[in-house]
1. Go through (1) part of a loop (DSSP other than H, G, I, E, B); (2) more than 30 Å from G372 (Cα to Cα); (3) open to solvent by less than 10 Å² (accessible area, probe 1.4 Å) one by one and return the number of the condition Q307 breaks.
2. Given the criteria surrounded by 17 or more Cβ atoms within 10 Å (Cβ to Cβ), out of contact with any Gly (no Cβ under 8 Å at 6 or more places or on another chain) and aliphatic (A, V, I, L, M), does L173 qualify?
3. Please go through (1) in contact (Cβ under 8 Å) with a residue 12 or more places away in the chain; (2) open to solvent by 60 Å² or more (accessible area, probe 1.4 Å) for A120 and return the number of the only condition it doesn't satisfy.
4. Being charged (D, E, K, R) and in a loop (DSSP other than H, G, I, E, B) is the filter here; which residues of the stretch 25-57 pass it?
5. Which one of these does A390 not meet: (1) buried (at least 17 other Cβ atoms within 10 Å of the Cβ); (2) of a type outside the set (K, R); (3) part of a helix (DSSP H, G or I); (4) over 18 Å from the mean Cα position of the chain (by Cα)?
6. Counting only residues that are open to solvent by 10 Å² or more (accessible area, probe 1.4 Å) and closer than 22 Å to D345 by Cβ, how many does the stretch 213-246 have?
7. So which residues in the stretch 21-45 are within 25 Å of the chain's Cα centre (by Cα) and open to solvent by less than 50 Å² (accessible area, probe 1.4 Å), if there are any at all?
8. Is it fair to say G315 is at positive phi and open to solvent by less than 40 Å² (accessible area, probe 1.4 Å)?
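The values are calculated or read from the model by the stated rules, or taken from the named source; none is laboratory data. Since the model is a prediction, treat every value here as computed from it, not as a measurement. Here the Cβ is made from the backbone with ideal geometry for all residues, glycine too, and neighbour counts use every protein chain on show. For accessibility, only protein heavy atoms count, side chains too; no ligands or nucleic acids. Shrake-Rupley method; radii C 1.70, N 1.55, O 1.52, S 1.80 Å.
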Amino acid sequence: MRDAPRPGGPVTTLHGMAWDHQRGIGCLRAVSAAYTATRPDLSITWDSRSLREFEDVPVAELAARYDLVAMDHPYVGQAHATSALVPLGEILPAAVLEAQRTASVGPSHASYTWGGGQWAVAMDAAAQVSAYRPDLLAALGWDAPPRSWDGVIELMEAMPAGRAVLPANPTHLLCALLTLCSQEAGGRSGWLGPEGFDPEVAVPASERLLRLLALAGPSSLELDPIGVLDRMSGGDDVAYAPIVFGYVNYARPEAGRRGVRFAGIPSPDGGPAGSLLGGVGLAVSARSREPEAAARFLEHVVGSACQRGEYVRSGGQPGNRDAWTDPAVDAANGGFFSGTLATLDRAFVRPRDPVYPLVHKRVGDELHRLAGAGAGAAELAARASEVCAATYAEHGR
């Protein structure tokens, strides 16, 4: 539902679209209220969409109706191709963009760079990590979550059925496979492209994914990260998720919520490793009538003071490194930032060309169907490659 406009005389109004979570629309409404409290000539209102819509709805559709758009970085190629967004170099000082580049957590800032332009600021940084309940793991004799995939299998085999889950709806099943592919490839690129997946990478990664799914709870194929973490924090039936996007909200001590902790992504050898980059960028629509006002708000939101202060206090997950490395911020948020920063700094960026968002949807849907039907790793890898190549060929790549 759209916020009601503030009473009073004529004001400049910015309309924004975020996603329906405290980490999304909740913190942006709070930051906007504080920002406009001393600016009687400005109003900022926010609408929200679901996580699934955030991941699937093209940015161009949202930019046609909003001044400010919270976006996922795989859409920057589409945004560039459709001229949906304002290149931020035209409305933000070069010093601001350089400060964002140097303060980036991992490749977050660079993930919104495309075609020679910067299309969003990385107000939020995230990657796939692991999540666990310390009390429930301790009951099984584990002081900390495993660091290697062999240890993950050992832990999941020792757990009662359903105690470990994965977010494995179509979108996130493919995200998990991509993380496992990247690790299998040793961090090198070239295993995914318009021709499909390298089978020498995709088959063993699919084997690992199917093993995890077999040990996870039967509801995994229906869950997204929010669903997993809601279950983990809301009761005592879920103790562990080896691959899940980190959400700082669940690490904060809150009444009525069980304590969830986050750690780095497991790896083949147990050492620090990267995973698939997530996060949220904030962009300005090319159709906005108030791009300068929007730019000033962007500069405020991603500034160090806001990110370490009102942004994270309001339930946001900062994209600025100053917040991630601030001991007081880390302590107030259950060690979330120190526990996962090494993974984010090693994260990899998905393809961002204009066709890739459709590729991700089609491949994810096919993998989900096959996994639910009990297909093997070779079939999963082959079909993922076929659907990927066919989609690029259909769209002229």
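1. The failed condition is (1).
2. Numbers: surrounded by 17 or more Cβ atoms within 10 Å (Cβ to Cβ): yes; out of contact with any Gly (no Cβ under 8 Å at 6 or more places or on another chain): no; aliphatic (A, V, I, L, M): yes.
Taking the combined requirement at face value, the residue does not satisfy it.
3. Of (1) in contact (Cβ under 8 Å) with a residue 12 or more places away in the chain; (2) open to solvent by 60 Å² or more (accessible area, probe 1.4 Å), only one is false for A120: (2).
4. Here is the first cut: in the stretch 25-57, the residues charged (D, E, K, R) are 29, 39, 41, 47, 49, 52-53, 55-56.
The answer is R39, D41.
5. It fails just one condition, (1).
6. 1
7. Within the stretch 21-45, H21, R23, G24, I25, G26, C27, L28, A30, V31, S32, I44, T45 qualify.
8. The answer is yes for G315.
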